[in-house]
Amino acid sequence: MNGLMNTGVPPTVSPAASPASVVETAVQGAVQKIQGRREQLREQTDRKIMRATLEIMISKGVAAVTIEEVARRSGVAKTTIYRRYKNADDLLQRIQLEVAGLPDFSDLQPSRSGLQAMLERIQNCFDSEIGLKAVGVVLSSDNDSLKTIADQVITPAEQRFATFVERGVASEAFRRGLDTKFLFSTILGSMLTCKALYKDSDSDVPWSERMATLIWPFVKA
């Protein structure tokens with residue numbers, strides 16, 4: 001014996017793939033690649049349209065936003081834009097603000113250091129030049145279409161800020177009776193003003209630290 005038991009059962013051999021199945025697999029792979037590429041191109045086009053719209057809003061005002069002007073500035077064909085949006089009003093209603101995502105404060109303790117960390121996250125959320133300027137346009141405009149931007153980003157961020165303050169009040173780290181809406185507006189206004197009037201190199205102390213130093217005496221219990 002050679003050490004191997006002969007069971008009399010022939011070894012299992014995987015059947016060779018048929019030419020038809022090989023072709024089908026190749027076709028499916030090619031289709032998936034094409035679909036992925038199309039989706040990527042669509043996302044890139046959407047970003048161009050949104051960025052051009054925001055740039056026009058910032059530089060010329062909401063009234064200057066037209067499909068023609070968006071096409072000229074973005075380099076996207078008018079026919080492509082019209083396939084996505086009925087007109088300029090439809091575009092404004094569906095515009096998306098360039099932000100890094102809603103800030104999350106749930107892991108922060110309601111303390112002096114937690115307050116500063118929260119301010120840093122708010123700043124990072126809006127910390128792109130066009131993003132901050134667009135926020136300023138939204139806050140100063142009475143255009144109903146732009147209220148969708150507030151609903152997307154500003155209002156949810158304000159709600160999370162209010163929840164952070166409420167946790168501080170519950171733990172007796174913050175005093176009662178704080179006007180969270182006014183506080184958030186003050187924070188956002190300060191951030192926008194500093195971005196517009198000052199450069200980051202103008203001070204060795206970051207905005208978040210200066211703002212925390214300013215408002216901490218008013219919020220602590």
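The values are calculated or read from the model by the stated rules, or taken from the named source; none is laboratory data. These figures come from a predicted structure and were not determined experimentally. Positions of Cβ are backbone-derived with ideal geometry, glycine not excepted, and every protein chain shown enters the neighbour counts.
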### Message
It is to be established whether one or more residues within region 64-86 are touching a Ser or Thr at 6+ places or on another chain (Cβ under 9 Å) and under 15 Å from Ala134 (Cα atoms).
### Response
yes
#### Entry: Qualifying positions in region 163-221 - assigned to a strand (DSSP E or B) and charged (D, E, K, R)
Lys220
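Name the one entry in Pro110, Pro103 that is closer than 22 Å to Arg210 by Cβ and at pLDDT 90 or above.
After applying the criteria, what remains is Pro110.
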### Query
Is it fair to say Gly177 is at positive phi and assigned by TED's automatic domain parsing to the domain that holds Lys133?
yes
### Query
What number of residues in region 170-221 are buried (at least 16 other Cβ atoms within 10 Å of the Cβ) and either free of Cβ contacts under 8 Å to residues at least 24 places away in the same chain or closer than 20 Å to Val137 by Cβ (or both)?
9
### Message
Test of understanding: among Ser185, Ser128, Ser208, which residue is touching an Asp or Glu at 6+ places or on another chain (Cβ under 9 Å), at pLDDT 85 or above and within 30 Å of Ala88 (Cβ to Cβ)?
### Response
Ser185
### Message
So Gly114 passes all but one of these: (1) touching a Phe, Trp or Tyr at 6+ places or on another chain (Cβ under 7 Å); (2) under 24 Å from Arg160 (Cβ atoms). Which condition number does it fail?
### Response
(1)
### Message
Scan region 72-95 and tell me whether some residue there is outside any loop (DSSP other than H, G, I, E, B), buried (at least 18 other Cβ atoms within 10 Å of the Cβ) and modelled with pLDDT under 85.
### Response
yes
